[in-house]
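The values are calculated or read from the model by the stated rules, or taken from the named source; none is laboratory data. Since this is a predicted model, take the numbers as computed values, not measurements. So basically every Cβ, Gly included, is an ideal-geometry build from the backbone, and we count neighbours across all protein chains shown. What goes into the accessible areas is simple: the full protein's heavy atoms, side chains included, and nothing from ligands, DNA or RNA. Shrake-Rupley method; radii C 1.70, N 1.55, O 1.52, S 1.80 Å.
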Amino acid sequence: MTDVTASASTGEELPRDAAGTASDGTTTGAEITLTNVTKRYPGSKTPAVDDVTMTIPAGKIVILVGPSGCGKTTTMRMINRLIEPTSGTIRIGGEDTQSLNPDRLRRKIGYAIQQAGLFPHFTVAQNIAVVPKLLGWDKKRIDDRVDELLDMVGLDVGTFRDRYPRQLSGGQQQRVGVARALAADPPVLLMDEPFGAVDPITRGNLQDELLRLQSELHKTIVFVTHDFDEAVKLGDKIAVLGEASKILQYDTPEAILATPADDTVAGFVGAGASLKQLTLLRVRDVELRQEAVTVDIDESPAAVREKLSRSHNPYALVLDRRRRPCRWVHARDLPRATSLATAGKPLRDVVSTQSTLQDALEAMLAEGGAVPVTGPQGQYAGTIHLETVIETIQTLREEHNGGDSTGADGGTQQEAR
Amino acid sequence: MAPFVNLWEYVVDRWDKLSLQVWLHTSEVVQATLLATVIGVGIGIAVYRSPAGSAVATALASAVLTIPSFALLGLLIPVLGLGVAPSMTVLVLYGLLPIVRNTIVGLSGVNPAVVDAARGIGMSRFSVLTKIELALAWPAILAGMRVATQMLMGIAVVVAYAKGPGLGSEVFSGLTRAGSANATNQALAGTLGVVVLALVLDGIYLLINRYTTPRGIRD
Ligand SMILES: Nc1ncnc2c1ncn2[C@@H]1O[C@H](COP(=O)(O)OP(=O)(O)O)[C@@H](O)[C@H]1O
Ligand SMILES: [Mg+2]
């Protein structure tokens, strides 16, 4: 099924040195701290952002989520000083942003916004090259970087390099927008509802890609959205904001889903919190069963019949020569079969240990029963069963009702294995 | 056909003088357009962020146009004397309106998200203005220049009354000598010359537009 990339919340990190450089030479995230930050727009009585203090950990995706007009954008734009705070201090990697020239500060902070904001009179390559040019890179280095970034965001270099923005779909424009934001390898990335204007399927793909990128890049990403599901999917931590950016709850998605801090947060989390938790759990976190009869594709149908009758099992799972599951075969298919390569029916859906339980549930509903699970190289790892998912939901619901879930990794770790 | 044969002979006969007038006329109009562009774009940049400022600038530039060119010239001659100065001033003032208006329209038509992204990735205010906003407003500004040039072609004839250069002097001397030999030819040559020049310059504008509009924003 879907190849969902590892969530960044698993805590695995590339080794990095003190300067925040990963072993492969890219710049990893820097910590951002906001201390008593307030913004009062001229002419308005109430502040748009009122006394916000928060720490955005290095190398994590932090989501600012909240209703429209609550001050998310204002909070985010104060980090790169597109908006100057009325009072308070913002530090990036320990450095006070007020001590830097704003233009220079911004060149070290990636910035991606809802309509992508690509320069219509520049080609894709020229759009991406803007910041490297400002930083005085030489042409060769810029060209190489543009190609590398296009590749990174999943756009074919030959096809897209010399196109103009209007020749791209909304999703492709967003990809270029992200590439442009990453161009000079900044430690920090600010994203203001970057996927808000694309269709749901494209949005899902872009979210998956962002997670994949982040699992390699380990940037500090501040991501604004009003979509709580998006927050749950992408966030290492979520800050649920209320009026004037008041922090109602700032925690991991698991903890917020399990124990919303108050009714406002609970209302924002919405119905089906335990179902949403299924998107946070991976197939590898739950128990797989090894009870299915597996047979090699080269075995003779007669031998398989023999095996099935011995195990009192009506079905066998056919594995190819690299032990990847490929077909289900029923005992009654076997008498007429000449080879396992054609007997029975091909698999419609396979999930990997990386898939979310939500994906697994969908696959099970489509298959009408247990679904084979594949490991990292696509080899057979076991089957996942509906009862397992139902048990998991029940456990989550008990935790939720009991309110006994702990902060950080509460719900998930308990379920693992 | 006789008058046109006469006109043709007249033009061939006086080609040296006429070609100089054509050149002077063109040069005056082009210079006035360029000067009006510098001033008009400057005004546009100064006011486009403020709706009130934009309205005032457009209203003032329109007000200039409502003053008859002759009257404006009459007001300027006592101050600036005869010759190039008053004619040029009138031309530049008349050329402002289309350019100021189109600059404002062009600059405020730039997608705010594009400007926000430009600032957000660290372009300076000046770079954003020159490389993004003015570049994107350029087709509109150029269209304003084109309208200005067309207008100034005709107005330049009138302001030649102040002893300014150009085809206007042909028209005026033809008209004042009405009845005498070649007077009609002289006036006609001047008038037709202006029409032909206007067409030629318009063609040049189309070419400039073609070659200076970036491919990404060309229709
Ligand atoms: N430039 C501005 N001038 C005055 N008020 C503003 C400005 N930008 C935003 N606001 C106000 O500040 C509040 C927060 O806006 P914003 O940060 O854009 O919210 P969000 O991104 O959460 O929708 C809103 O009430 C909005 O009307
Ligand atoms: Mg917003």
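Tabulated results
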read-out: Some residue of segment A:262-280 being within 13 Å of the chain's Cα centre (by Cα), within 27 Å of A:ILE390 (Cβ to Cβ) and more than 16 Å from ligand 2 (Cβ to nearest atom); value: yes
read-out: Output for segment A:63-75, where each listed residue is in contact (Cβ under 8 Å) with a residue 40 or more places away in the chain and either crowded, with 22+ Cβ neighbours inside 10 Å or near ligand 2 (Cβ under 10 Å from one of its atoms) (or both); value: A:ILE63, A:LEU64, A:VAL65, A:GLY66, A:SER68, A:CYS70, A:GLY71, A:LYS72, A:THR73, A:THR74, A:THR75
read-out: Selected residue (criterion: farthest from ligand 2 (Cβ to nearest atom)) from residues of segment A:76-113 that are away from chain B (no Cβ under 11 Å) and polar (S, T, N, Q); value: A:SER99
read-out: For A:PRO260: the one exception among (1) outside any helix (DSSP H, G or I); (2) surrounded by fewer than 18 Cβ atoms within 10 Å (Cβ to Cβ); value: (2)
read-out: Per-region count, segment A:162-198, residues within 17 Å of the chain's Cα centre (by Cα), away from ligand 2 (no atom under 16 Å from the Cβ) and of a type in the set (D, E, K, R); value: 1
read-out: Yes/no for A:THR55 being open to solvent by 50 Å² or more (accessible area, probe 1.4 Å), at pLDDT 95 or above, more than 16 Å from ligand 2 (Cβ to nearest atom) and closer than 17 Å to A:LEU248 by Cβ; value: yes
read-out: Residue selected from segment A:76-107 under the condition among the charged types (D, E, K, R) and more than 16 Å from ligand 1 (Cβ to nearest atom), by the criterion surrounded by the most Cβ atoms within 10 Å (Cβ to Cβ); value: A:ARG106
read-out: Residues of segment B:47-66 that turn out to be touching a Gly at 6+ places or on another chain (Cβ under 7 Å) and of a type in the set (Gly, Ala, Ser), as a count; value: 0
read-out: Residue ID - modelled with the highest pLDDT, chosen from residues in segment A:378-417 that are of a type in the set (Asp, Glu) and buried (at least 17 other Cβ atoms within 10 Å of the Cβ); value: A:GLU399
read-out: Filter result for A:GLY270 (on the phi > 0 side of the Ramachandran plot, away from ligand 1 (no atom under 16 Å from the Cβ), of a type outside the set (Val, Ile, Thr) and in contact (Cβ under 8 Å) with a residue 12 or more places away in the chain); value: yes
read-out: Members of segment A:124-152 that are more than 7 Å from chain B (Cβ to nearest Cβ) and closer than 27 Å to B:GLY109 by Cβ; value: A:VAL124, A:ALA125, A:GLN126, A:ASN127, A:ILE128, A:ALA129, A:LYS133
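Matching residues to (1) open to solvent by 30 Å² or more (accessible area, probe 1.4 Å); (2) within 15 Å of A:ILE128 (Cβ to Cβ); (3) away from chain B (no Cβ under 11 Å):
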{"site": "A:ASP162", "(1), (2), (3)": "yes, yes, no"}
{"site": "A:GLY171", "(1), (2), (3)": "no, no, yes"}
{"site": "A:GLN174", "(1), (2), (3)": "no, yes, yes"}
{"site": "A:ARG180", "(1), (2), (3)": "no, yes, no"}
{"site": "A:ILE201", "(1), (2), (3)": "yes, no, yes"}
{"site": "A:ASN205", "(1), (2), (3)": "yes, no, yes"}
{"site": "A:HIS218", "(1), (2), (3)": "no, no, yes"}
